[in-house]
1. Within segment 89-116, how many residues turn out to be within 17 Å of the chain's Cα centre (by Cα), away from ligand 2 (no atom under 16 Å from the Cβ) and under 23 Å from residue 312 (Cβ atoms)?
2. Inspect segment 197-208 for any residue being under 22 Å from residue 310 (Cβ atoms), touching a residue at least 60 places away in the same chain (Cβ under 8 Å) and touching a strand residue (DSSP E or B) at 6+ places or on another chain (Cβ under 6 Å) and give the result as yes or no.
3. What number goes with the only condition from (1) assigned to a loop (DSSP other than H, G, I, E, B); (2) more than 16 Å from ligand 2 (Cβ to nearest atom); (3) buried (at least 17 other Cβ atoms within 10 Å of the Cβ) that residue 229 does not pass?
4. Can you tell me which residue among 241, 220 is within 15 Å of ligand 1 (Cβ to nearest atom), more than 13 Å from residue 14 (Cα to Cα) and touching a residue at least 24 places away in the same chain (Cβ under 8 Å)?
5. Go through segment 239-278 and count every residue that is outside any helix (DSSP H, G or I) and either away from ligand 2 (no atom under 14 Å from the Cβ) or within 20 Å of residue 52 (Cβ to Cβ) (or both).
6. Has segment 270-289 got at least one residue that is over 22 Å from the mean Cα position of the chain (by Cα), farther than 23 Å from residue 168 by Cα and surrounded by fewer than 24 Cβ atoms within 10 Å (Cβ to Cβ)?
Ligand code: HPA
Ligand code: ZN
């Protein structure tokens, strides 16, 4: 099974680039940039990665991201992830970045996007990995702050395919961002949103109806509403599911409790993704293996996750047909 999973071509649709910051690079960048870390070793960082919920993870994730200061830092972070994609047969990836995490501490938007974009261009040219970039608004911050971020993104419209919504779901529902998402759509961006990770099914419904998303990120709590599950299946609304993230953040108490196979059986367009692999203990192959072994899935059904991801991607239709 391991050989099949690692050789299977994979498409990743839910990956936060800041969540690929491995402790080794975190330490190297902290030292280079003169930033003090509250850990004295790489092992101590890894040992700190025990989470109770989404917020306990986010606190460490935002802290870790502070070591990223220069254009080259963003390049190195992104290129390291692409090398991992190459190793794991990820042929296409759609990457989130959180500009506000950096602009709030004085790093220019241009610095962030230039480094990431230069690495993605090199990834395509040197590694043959195609990619798209999705800019996320931090939902714990204000709508005005999101609008300001959108304005900065307009100068880089050619590099960004969609806008998304991440960070703390509890207390920050999709409707808070209805206007900025409308502005983004008017400017030509596609939209996605994290919804139904920790929050209720209504967040999934409102992301679809009010934010007009093309995909739901996570969405696993849809099973609290059987009518919604039927609707997701009937409308082919993709869910970018992240198994190891869900167990690390205690959305499910154990992988055997995960509902991705139930959703696949019900005809929902579910995909497998790694979310923040440096924090959750695995990249794409590890996420596929967790589901394959827990549910004893045959190869055909595992390959369905890749077919779903190709269909759910923002690749143009001609390129999609080639990948199938
Ligand atoms: N959920 C919400 N916000 C995030 C996540 C997540 O899984 N990862 C990084 N930011
Ligand atoms: Zn996520």
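1. Summing the residues that are within 17 Å of the chain's Cα centre (by Cα), away from ligand 2 (no atom under 16 Å from the Cβ) and under 23 Å from residue 312 (Cβ atoms) in segment 89-116 gives 4.
2. Scanning segment 197-208 turns up no residue that is under 22 Å from residue 310 (Cβ atoms), touching a residue at least 60 places away in the same chain (Cβ under 8 Å) and touching a strand residue (DSSP E or B) at 6+ places or on another chain (Cβ under 6 Å).
3. Here residue 229 clears every test but (1).
4. Checking each option against the conditions leaves just 220.
5. Number of matching residues: 16.
6. Taking every residue of segment 270-289 in turn, none turns out to be over 22 Å from the mean Cα position of the chain (by Cα), farther than 23 Å from residue 168 by Cα and surrounded by fewer than 24 Cβ atoms within 10 Å (Cβ to Cβ).
Residues checked against (1) more than 24 Å from residue 34 (Cβ to Cβ); (2) surrounded by fewer than 17 Cβ atoms within 10 Å (Cβ to Cβ):
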site	(1), (2)
78	no, no
99	no, no
107	no, no
110	no, yes
122	yes, yes
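Residue by residue, here is whether (1) within 16 Å of ligand 2 (Cβ to nearest atom); (2) under 30 Å from residue 299 (Cβ atoms); (3) modelled with pLDDT under 95 holds:
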position: 12; (1), (2), (3): yes, yes, no
position: 15; (1), (2), (3): yes, yes, no
position: 23; (1), (2), (3): no, no, no
position: 41; (1), (2), (3): no, no, yes
position: 46; (1), (2), (3): no, no, yes
position: 66; (1), (2), (3): no, no, no
position: 84; (1), (2), (3): no, yes, no
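The values are calculated or read from the model by the stated rules, or taken from the named source; none is laboratory data. Given the structure is predicted, the values throughout are model-derived calculations rather than measurements. FYI the Cβ positions are ideal-geometry reconstructions off the backbone, even for glycines, and counts take in every protein chain you see.
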